[in-house]
Amino acid sequence: MDDLRTDRPSLSRRDLLTHGVRAAAGLSLLGALGGAGAFAAPSALRTLPAGSFGRAKRCIFLFMFGGPSQMDLFDYKPELQARDGQTVDIERRVGDVRKSVILGSKRSFRQFGETGQWCSDALPHLSAHMDRLAVIKSLHTDSFAHGSAVLKMNSGEIRQGFPCMGSWVSYGRGSENDQLPGFVVMHDPRGGPISGPANWSSGFIPGEHQGTLLRAAGQPLLDLAPAASNLRRQLPIEAREEQLALLRTLNEWHQASRPARTDLRARQLSYELARAMQDSAREALDLEREDEETLRLYGISEPSQADHPMSLGSAPFGRQCLIARRLMERGVRFVQLYHGGGHQQQTWDAHHGVEENLSIHCPEIDRPIAGLLSDLDRTGLLDETLVVWGGEFGRQPVSQSGGEFQVANALGRDHNPKGFSMWLAGAGVAPGSYGETDELGSEAVVNRHPVRDLHATVLHLMGLRHEQLTYRYGGLDRKLTGVREAHPIEGVLA
Amino acid sequence: MVSTESLVNDYVVLPGDADQSLLIEAVRRSTKDLAMPPDYALDREEVSVLERWVNDGAPWPTESVGTKVGAANIPTPRAFRPIEPVAPPSDTTAGADAHPIDAFVTSALDSAGLVPGPPADPRELVRRLYFDLTGLPPTIEAVERFAADPSDDAYAALVNELLARPAHGERMARQWLDVVRYAESNGFERDGDKPHAWRYRDWVVGAFNEDLSYDAFLTAQLAGDEQPEVARDAPIATGFWRLGEWDDEPNDPQQALFDELDDSLRTITEGMLGVTVGCARCHDHRFDPISQRDYFSFLDWFRNVEPYAEPQHELGSPVLTPVGATDEAIADWRADRAEQAERRRAEFDALLEPVHRRLLEEQLAGFDPAVAERARARFERALELPIEERRGYLLEQRLPNIDRVLHALTFLERQRAWVTLARIEEEGGLGDHEGDLRWALTVREREGEPLPTHLLRRGLASSPMERTRASTPGAIGLPAPAAPVDPSSSQGRRSLLASWITDHANPLTPRVWVNRIWQQHFGVGLVATPDDFGNTGTAASHPELLDWLASRFVEDGWSTKQLHRLIVTSDAYRRSSRSIDGRAEEIDPANSLLWRQRPRRLEAEMVSDSMLFASGELVTTLGGPSVHPRMPREVLAGQSRPGRGWAPPEHDAERRRALYVRVQRGLIDPLSQLFDRPLPTLPSGTRSVTNTAPQALHLLNGEFAGSRAYALAERVAREAGPRVEDQVVRAFELALSRRPDNVELEAGVDHLRRIALEVEGQSRSLRFEPRVPERIDNQYFEQAEGADLLAAPGGPWRSAAGQWGEPYNGTLAADRERGPRAVLEGELGSDFRFEGTLHFDRGTAGADLILRATDQAAAGGVIVSLDLAHGRLIVLEQATETRMVALFAGLPIAADSLPVELALNGDRLTIVVGPQEAGPLVVEGLTQLQPGSFAVATVKEGLEFSGATLTIDGRSVDLLPPALSSERTALESLCLVLLNSNEFLWLD
C-alpha cells in the first residue's frame, strides 16, 4: 500500500495503537516519532505520584460554556461578601483598569465532608459529592473573549485549526470501540459554543480523531439516517441491504486486480462499520433501557423544577450525562458535554445578572452531575473514569452592570481570565481544595496554573505524557500543551 | 542556533546553578532517563568545565548569537544550496533518447536493481490525466477516443487540450489556496466576513489559466500594489496578505499584531520557500540554520504593512481598494453613499425613537426625578450619536439599548428594524457603501517613517531587544537584496523581497514549486514534505531530478504549464499503478523509487465535482462570488448563532464546482471536512487520506449524494431509454467513464430487478423536517424562503416560512403557533376528514395539523396541536388573533407514533388520538368557518405520516407527491451504489 502521508511522520492506525500502548507504559514517544530534541524538558523527569499516571481510561469533560462564576459556586470569599458595594480598581481587560463596585455573592456557603470543601447553596445536590472533587481554584487563561478562551481550553491555542484535547486523547490512546467514535461531543439544546466546530476539530491530525457530534434528539449522528431527499429513506431494509451487497460485490471485483491495496479494503470496511454504527449509536442513546431509579438519579424523570422561565430544568442535561455514562460503558474514550449554548443568559455568561444566571443554570446541572457521579461510583466506572468540570474562564468579583439606573437583580459579572475554578473527579484524582485566588476571588495567587497545566494533568491521568504526545506539522512537533513549559498539577493527583 | 538565551529558554541550563541545570544532570548521568551524550560518558574534567561554565552564568559570546554558531552545528539542508546544473544520466536502461525524467528515475531503479513497471492501460491513464489537470473525470467518449489512439502524439495533443481548459485553472487554484490558507472569514469569536476575497481566488484561477509565469505569480501577490505591471489585476493578487485569521478583540493587541505578521511570514516561507522560518520566532530554529535574528530580519520586509482592520468600503481603507475605478465612478459612489446613509438613518430613527422613549420612561418610573432627568439628558445625547455608536453608549449608560427596543416592537416593525440594524452592523455602519466599484482585499503600507523591527525575546512583543534590518536567512545560498535606500518610507520593500524570492538563483523557490507540481501528479512529492525542505523535512527521493526540473523550469520562463507537460509526458507518470512486481514490492514497498505510479483517492472537491459531472448537473460558470450549498441543520446547530456567516442555498449553489463554495473558517461543509480538506489555518501542502465510517454514511445517506443519484438516474433514463441493460451500461458510462463487463452488467440488471420488486407496492410516507435549528441567525432568516426552513414532501406541498420572533443576540426563533408549515396547495374546503399515523423523530416536541388553513403567512385556521413535550392536545383557532378553544391532557409524553383521526364539520371538530376507549374528543362552537387548506407543522425534529388519507368537502385528496416508478427507484439505487464505489473514489 502506498503511504500517502499528510506530513511526516504520519502514523497508521496500527502505529497509533502501538504508540498508545507505549505512551501508557510511560515510554518515550520521541524516538518513535522522529523527534530529536537534544534534551527533554524537565517536566518529563520530575517525579510525579506514580499511582495516578494512566489511571483513567476514559474522560468526561463537562464544559460549562460562558464561564461560571467561581465566587458564587466553589471559591468562597468572606472578604468579598464583607466588602460588597465598596469600590476597587479592577483590570477588566489587559491594561484597562477601572474603578468598580464589589459585588458580594448572594449565596450562602458551607463546608462539606471530610475534605471540608466549600460549596454554595446554588448546587445542593452536587455539594454532597465534595469529597470526590479536587477543586482547582487557581487557573488562569490567555483570553477574555469567549471564542478564543473556549478554543484555548479545548485545543491549547486561542485560534482555530488545532487539535482538541479529545482528538489528542483519541490519537494517543486509540479507540476501545470500533463502532463508536473515540471522541464524542454533545451540545446544549440551546446551541453550540462560540467559535463552533473548531472546538471539536482534530486540526492537522487525521480526521478520524475529529470529535463526532452526537445528538440527543433526531438522528444521533449526521447522516446516520438517510436524508429526506435520499431514496434510501423510502427503501425497505432488504433493499438497503441489497445496495450494500452490490457495493461490496463491485468493490471486490475492483479489488481483485488490485490485491495489494489495503486502502481499498479499508474503505469497504468503513461501510460495514457505518452499518454497524447505525445500531450501536442508537443503542447507546436508548435511555429506555435505564430503570426509573436511574432516570430519577439524573433528574430526568421529574418535570422542570426550575423557577426561571429560561431554565430548561434538569432533564436535558441529565439525559446527556446519562448518555455519557452509557458511552463510557461502551469504551468511548473522550466525551465532552456542553452545558450552555448560544449567548449571554443561554450560557454561563452572566453579564446581565449573575443571580438570574445561577437560577437558570444551576438547577439544570445540579442533579445531573450529582447523579452522574453517584452512578459512575455505584457501577465502579468512577475508578477508571476522569470527570472534568469547568468553563473557559471565570468571572469578576465586581459588578459589571450596576450604576444608578439598573435594577438590582440584573447585577452581572464580566469575564475574568485571571482566576477561575475547575474541578476533577474520579480516576487518579486526589480530592480536596487546591490553589487560591486573592481575597476577592479575582486573580489566582497561590499555586497558579495556566490552562496547559490542566491539559498536562488530564493527559497524565489518561496515561499520556504531554511532552511526548506530539504530531509533526509545519516543522514543529506540536503538542496540546504548546511550546511553553507545562506540568501536570501534582496537588490534585492521587 | 545556540545561545545562553536559547539554552535557558529550553530549560537546559539555569545560569549560576549547575546543580539545577538539566545539562549538568545529563552529562553527570545521574538520572537513568537522562544521559548525554547518549553513547559515551564525558570524563570528570569535561563535566567540571561545564559545571564551572554554568556556575559562571553560562556566558555566551554575544557576536555568536545567530547563524554563525548555528551554521557550525547544524547542517545546511541540501535545498538551501544553489541548484547546480545537472544533466540527465545517459547510461541507463531507459536508453539514450529517454525522456529526461525517465533517465533520472530509471537510473535510480537501475541502481536498486529494479525494473520500471508496465505502462498504464490507456483508459486508466486518461482518467488519471483528466483529474490531474482539470480535477474532473473524462466522459466515456473521451476515454474511448484516446483508447482508440493512445499514440504519443494523441496524448500530447490531449495534454495541451486539457491545459487549455478553464477547468485547469480551477484545479490548480485549489492546491494554491490550501498553501495560502485561503478563507473568506476571519476566524476567532465573530468569524466575520472578508468581503471580496473571492476576487483573489478568481485571480489565482486566471493566473494558472493564462500560465502567468510563476515568478510574476509570486511577485504580484507579494507586491502587486507596487508593481501593477507584473500581472493583470496585480493589486487583487495582494489579497494574499489579507487571507489569514484576524482577531478583532485580542487579549494583547501588540502581541496579536506580531501574530498576524507571523502568520504572513509562515505562509511566505513555508508556502513559497519550503522553510519553516516560523519556528525561529521564540528562539533559534532547533533543526535548521535559521536564527531568531533571521526571523525578525525577514519580518522587517513587511513589518510596516498596515495590519488587517474591519473592512470598510473607503478609499483610505488599509484592506479594501476599488480596483481600476475611474474618477467618475468614484464620484458617483460618494454621492450614492451620502444619500443612502441619510436615508437609512432617517428610517431607523423614525421606527425606533418613539418606542425607545417609551421604554426609557418605563425604566425610569420609580426613580428619583433628578436621577431620571440625568438619564434623559444622557439619552438625548445618545440620539445625537451615529447609530453604530449608539448601542455601545446606551449599554454603558445602563439605558434601554436597542436590543430591548427590538423586543418591544411589533413583529413587522421588528423585522424591519432587524434588517436595518443588521445591515448597519454587518456592513460596518451607515456610511459603508459598496456601490458598483470593483472592491478587492489588498495590502497597504503604513504612512510615514517605517516602524523599526526589534528582535523580541522569546517572541514576546513586550520584550524588544536589538533592532534588526530587512534581510534574508544567511544559510540560504543567495545574498539578501540590498537594503532599501529610502529610510523614510517602506514602499518598495516587498518588491525587494519578491525579487529575492523569485531570483533565478534562489535555490528554494523553483525546487519547492516543481515539487508541488510533482506531488500533484504522483501523489507524493520528490520531497514528501512540500512545505519543509529543511532538516526536519524528508530528504528528496531523487535529488538530481528535483534540481534538473527546477533548472529546467526556470529556463522555461517559470512556465507552470510547460512543467505539467514535461512531467505528464514522462513514462514514469504514465506507468500503471498496479503492484505486480513482488520483488519491487519487497525492496521498495513505499514505491519511493517510482517503479510504478501511485493510486490516489479523489480529493474532497473532486468527489463532489465528479458526482455533479456524472449526473450532468455541473454548472461550469467560471468565478464569481462564493456560493452557499445547503448546510445540514445538525451542522448549523453547532454554531452559537446558527447560520451566521452562511446563507440558504442560491439557485445553483450546490451545482457549482466545490472551489466556489464559501470558505467560512468556523463552518466547514461535511463533505470537505470528512474528505480531509485541510483547515485554512496554517499553510498546507498535503492532505490526509482517511477512511472513516462517517464518510460512508455521508455518501450513502447524505442529501448531496442522494440528490446526485436522483439526477444521475434521471439522466440515465433519459439517455438510455427503457431497456434495463441499456440503463446499466449508461449508468456505468456516466459514473465510471467505462462500460460494464458482462458480469457487471448482469449484476446491475439483477439489482434493478430486485430493488424494483422490493419497492413495488411499498407504501410511502410523507416527511416533514425542519431545515434549521430552533434558533437561527437573523441574516440567515432574512434570506430564507419557506423551503429553507422546513422541508416538505414535494409534490402538492409547499413550505411557508411562518413567523419568527423572540430576537436574542442576533438570532430568531420560530413562533410556536405560527411557525413554518407545509401547506397542501390548491385544495380548499370547509369540511375535513383526516386519518393517518404520525411518526415522530426522537425529540420531536410537537406537531400541528391545521385545517382550514387560510393564509400561509398569517397562518389562520383551526389548529390541532399535539404537544408531545407536555402530553397535551390543544385546539386553537387562528385568525388575526390566536384563541385556545380546548385543551386535553393525557396525550402520551414523547410518543414515537400516534394514530390520529380528525373530522371537521361546520363548527364541530372530533378528534381521536391513539387508542381512546372513552370515545372521541369533541370540540363545538368553532368560529373560524372560512374555507381553507390543510397544513402541517413540526416542532424541533421531523415528523412522518404513514397511511394518511384526507378528504376535503367529501373529495379525496392525494397527499403524496407523484410516485416514481419502482423501476426508476431501482435505477436511482444503482446510481447511488456506483457513486459510492471504490472505483469512483479512486484513481489508478
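The values are calculated or read from the model by the stated rules, or taken from the named source; none is laboratory data. None of the values given here were measured: they were computed from a predicted structure. FYI the Cβ positions are ideal-geometry reconstructions off the backbone, even for glycines, and counts take in every protein chain you see. Just so you know, the surface numbers come from the protein's heavy atoms only, side chains and all, with ligands and any DNA or RNA stripped out. Shrake-Rupley method; radii C 1.70, N 1.55, O 1.52, S 1.80 Å.
Based on alpha carbons, the Rg and Dmax found for the range B:233-362 are 22.3, 70 Å.
Note on the protein assembly as shown: helix-only mean residue ellipticity at 222 nm, from DSSP H runs of 4+ residues weighted -39500 (n - 2.57) and normalised by residue number, equals -11000 deg cm²/dmol.
Which residues of the range B:266-310 bury at least 50 Å² of accessible area once all protein chains are present, versus their chain alone (1.4 Å probe)? Listed by number, the residues meeting the 50 Å² cut-off are B:F287.
Using a probe radius of 1.4 angstrom, the carbon and sulfur fraction of the accessible surface of the range B:610-674 is 53%.
Anisotropy class assigned to the range B:539-596 is oblate, per the alpha carbon gyration tensor with a/c at or over the 1.5 cut-off and a/b no larger than b/c.
Each principal axis of the protein assembly as shown carries a Cα extent, and these read 101, 88, 76 Å when sorted largest first.
Computed from the alpha carbon positions, the gyration tensor of the range B:836-988 leads to an equivalent ellipsoid with semi-axes of 37, 19, 15 Å, biggest first. The range A:315-390 and the range B:233-289 have Cα centres spaced 39 Å apart.
Here the Karplus relation 6.51 cos²θ - 1.76 cosθ + 1.60, evaluated at θ = phi - 60°, turns the backbone of the range B:956-967 into coupling constants of 7, 10, 7, 8, 7, x, x, 7, 7, 5, 5, 5 Hz, with x for every Gly and Pro. Once you have a ≥ b ≥ c as the square roots of the Cα gyration tensor eigenvalues for chain B, tell me rounded if a/c is under 1.5, and otherwise prolate or oblate according to whether a/b is larger than b/c. It is oblate, given that a/c is not under 1.5 and a/b is not larger than b/c. Here chain A is scanned for GluC sites (Glu not before Pro) in DSSP loops (not H, G, I, E, B) that have at most 12 other Cβ atoms within 10 Å, and the longest stretch holding none of them is A:115-403.
What shape does the range B:610-674 have by the C-alpha gyration tensor, where a ≥ b ≥ c are the square roots of the eigenvalues, rounded means a/c under 1.5, and otherwise prolate means a/b greater than b/c and oblate the rest? Prolate is the answer for the range B:610-674, as a/c is 1.5 or above and a/b outweighs b/c.
Amide H contacts of B:V661 (H built 1.01 Å from N, in plane; Pro and chain starts excluded): B:V627 sit under 5 Å, all sequence-distant by 5 or more or on other chains.
Seen against the Cα atoms of chain A and their longest principal axis, helix A:451-461 is set at about 50 degrees. Amide H contacts of A:Q117: A:F112, each under 5 Å away and 5 or more positions distant or on a separate chain (H built 1.01 Å from N in the peptide plane; Pro and chain starts excluded).
Using the alpha-carbon centroid of each, what span in Å lies between the range B:501-546 and the range B:605-674? When both Cα centres are located, 32 Å separates them. Working note: Karplus 6.51/-1.76/1.60 with θ = phi - 60° gives the range B:635-640 the couplings 6, 4, 5, x, 8, 6 Hz, where Gly and Pro are set to x. For the residue pairs A:K152/A:K479; A:K418/A:K479; A:K99/A:K137; A:K137/A:K418; A:K99/A:K152, the alpha carbons lie more than 19 Å apart in A:K418/A:K479; A:K99/A:K137; A:K99/A:K152. Less than 5 angstrom separates the built amide H of B:L790 from those of B:R771, all sequence-distant by 5 or more or on a different chain. For A:V169, neighbours were defined as the other residues whose beta-carbon sits under 10 Å from its Cβ, and their charges (Lys and Arg +1, Asp and Glu -1) total +3.
Taking 0.890 mPa s as the viscosity and 25 °C as the temperature, the Stokes-Einstein diffusion coefficient of chain A based on its alpha-carbon Kirkwood radius rounds to 104 µm²/s. In plain terms, the C-alpha convex hull of the range B:451-525 casts an average shadow of 7.3 nm² when viewed from every direction. Counting, for every residue in A:186-193, the Cβ atoms of other protein chains within 10 Å of its Cβ and taking the mean gives 5.
Computed from the C-beta positions of B:E210 and B:S489 and an R0 of 30 Å, the FRET efficiency is 0.40 to the nearest 0.05.
Within 10 Å of the Cβ of each residue in A:450-459, the mean number of Cβ atoms contributed by other protein chains is 0.
The angle between the Cα long axis of helix B:411-426 and the longest principal axis of the Cα atoms of chain B comes to about 10 degrees, rounded to the nearest 10. Using C-alpha pairs under 8 Å with a sequence gap of at least 6, the mean separation divided by the residue count of the range B:766-962 gives a relative contact order of 28 percent.
Counted over the protein assembly as shown, the DSSP beta bridges are approximately 80% antiparallel.
Taking Cβ atoms as reference points and 13 Å as the exclusive limit, the residues near B:E785 contribute a net charge of 0, counting Lys and Arg as +1 and Asp and Glu as -1.
Taking every DSSP beta bridge with both residues inside chain A, roughly what % is antiparallel (nearest 5)?
So the antiparallel bridges amount to about 55 percent of the total.
Give me the angle, in degrees from 0 to 90, between the Cα long axis of helix B:253-266 and the longest principal axis of the Cα atoms of chain B, rounded to the nearest 10. Roughly 70 degrees between the two axes. What share of Cα pairs, in percent, lie more than 19 angstrom apart in the range A:266-375? So the portion of pairs separated by more than 19 Å is 53 percent.
What is the distance in Å between the Cα centres of the range B:481-499 and the range A:187-247? Between the Cα centres of the range B:481-499 and the range A:187-247 lies a distance of 53 Å. Provide the net charge surrounding B:S107, with neighbours chosen by a C-beta distance below 12 Å and charges set as Lys +1, Arg +1, Asp -1, Glu -1. Around B:S107, the charge tally is -4. Counting only other chain Cβ atoms within 10 Å of each residue's Cβ, the peptide B:668-676 averages 2. Evaluating 6.51 cos²θ - 1.76 cosθ + 1.60 at θ = phi - 60° for every residue in the range A:482-490, the Karplus couplings come out as x, 8, 8, 4, 9, 9, x, 7, 4 Hz, glycine and proline recorded as x.
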